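The values are calculated or read from the model by the stated rules, or taken from the named source; none is laboratory data. Everything quoted here is computed from the prediction, not taken from an experiment. Backbone-built Cβ (ideal geometry, glycine too); neighbour counts: all protein chains shown. Surface areas here come from the heavy atoms of the whole protein model, side chains and all, with no ligands, DNA or RNA. Shrake-Rupley method; radii C 1.70, N 1.55, O 1.52, S 1.80 Å.
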Amino acid sequence: MESIATAPMWAGFIAFVLVMLALDLFVFGGNKAHKVGVKEAATWSLVWVSLALLFNGGLWWYLNGTAGPEIANQKALEFFSGYLIEKALSVDNVFVFLLIFSAFQVPIQYQRRVLIYGVLGAIVMRAVMIMAGAWVVSEFSWVLYLFGAFLLVTGMRMLVAADAEPDVANNPVLRFARRHLRVADGDHGERFFVAKGGLRYVTPLFLVLILIEVTDLVFAVDSIPAIFAITTDPFIVFTSNLFAIMGLRALYFLLVDVADRFHMLKYGLAMVLVFIGAKMLIMPWYHVPVEASLLVVAVLIVSSCVASVFITRSDKK
């Protein structure tokens, strides 16, 4: 697998991720139940976006001195494009997370802990899927066309079913868990496990965590092939993906009260997948520049957000 990253770069980024997660859990109160306000969510969202941009700037500076300005510009643009795509697609996660928490009536002060462990699981799953995907692409380049066809079909299905809400109560994973796990009824705070009569039971909050993990796995199947349309460098795919995932929790609490105002965003995200899928399928005849891809994705996302705001205002009037 060809990559611009050296072993120290991989080690440094993984160490950075571990340090940030430790700070979030043990220093900034991530392991304590509390209601996350808009101010806290906005601050953390700004922190994660700023860190992603600083990382991109540092990557450009390092490559400019070691590999030359052409490669530095290309890789920095690939990272930014991949990060924007992953950040945009993660918004769809927010809508589904909100439905899951609402279906289980999880108090907002307990949602943060679920999302923290959800992010930890997502990081592990994404790392495995990205490394496996990068290896498959390096060995069998034609797989990119399968990715493109999959994204094209997925995007078209999203366009058709954008207004349909998932049936959380009848989720097959949830039904399987209820059949094979001892579930303790009632409210047990933020605990995932409780003991009753010498037996260990899972709480409803643990079932929510399972659904959150499965949801992220499903979205990863869409988002990871999408970023391979921008670059096949595993380091760029991995870092841009993880920066988007680590900022997902803050993004959720930032949008939780206004999610219904951006109902047109799902159409924009669906069109992003259609565009990326089409781009991958036409690669043998025409290579869409990264700059053009970035512009198209940005226009689709911004347009759908603006349309959501205007439609919401019209409905209110």
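So that you can scan it fast, the table gives a plain yes or no per residue for (1) more than 24 Å from F97 (Cβ to Cβ); (2) surrounded by fewer than 17 Cβ atoms within 10 Å (Cβ to Cβ); (3) at pLDDT 80 or above:
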residue: R126; (1), (2), (3): no, no, yes
residue: M131; (1), (2), (3): yes, yes, yes
residue: L152; (1), (2), (3): yes, no, yes
residue: T203; (1), (2), (3): no, no, yes
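Take Q105 and tell me if it is in a loop (DSSP other than H, G, I, E, B) and either touching a Cys at 6+ places or on another chain (Cβ under 8 Å) or surrounded by fewer than 17 Cβ atoms within 10 Å (Cβ to Cβ) (or both).
Answer is yes for this residue.
Residue-by-condition table, conditions (1) of a type in the set (D, E, K, R); (2) within 19 Å of the chain's Cα centre (by Cα):
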residue	(1), (2)
E86	yes, yes
I116	no, yes
V124	no, yes
V136	no, no
W142	no, no
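What number of residues in the stretch 62-87 are over 25 Å from A22 (Cα atoms) and open to solvent by 10 Å² or more (accessible area, probe 1.4 Å)?
17
Out of F235, F262, F243, report the one residue that is open to solvent by 40 Å² or more (accessible area, probe 1.4 Å) and either at pLDDT 80 or above or aromatic (F, W, Y) (or both).
Answer to the check: F262.
Does F193 qualify as being within 23 Å of K87 (Cα to Cα) and either at pLDDT 80 or above or under 17 Å from the mean Cα position of the chain (by Cα) (or both)?
For F193, the condition - within 23 Å of K87 (Cα to Cα) and either at pLDDT 80 or above or under 17 Å from the mean Cα position of the chain (by Cα) (or both) - is not met.
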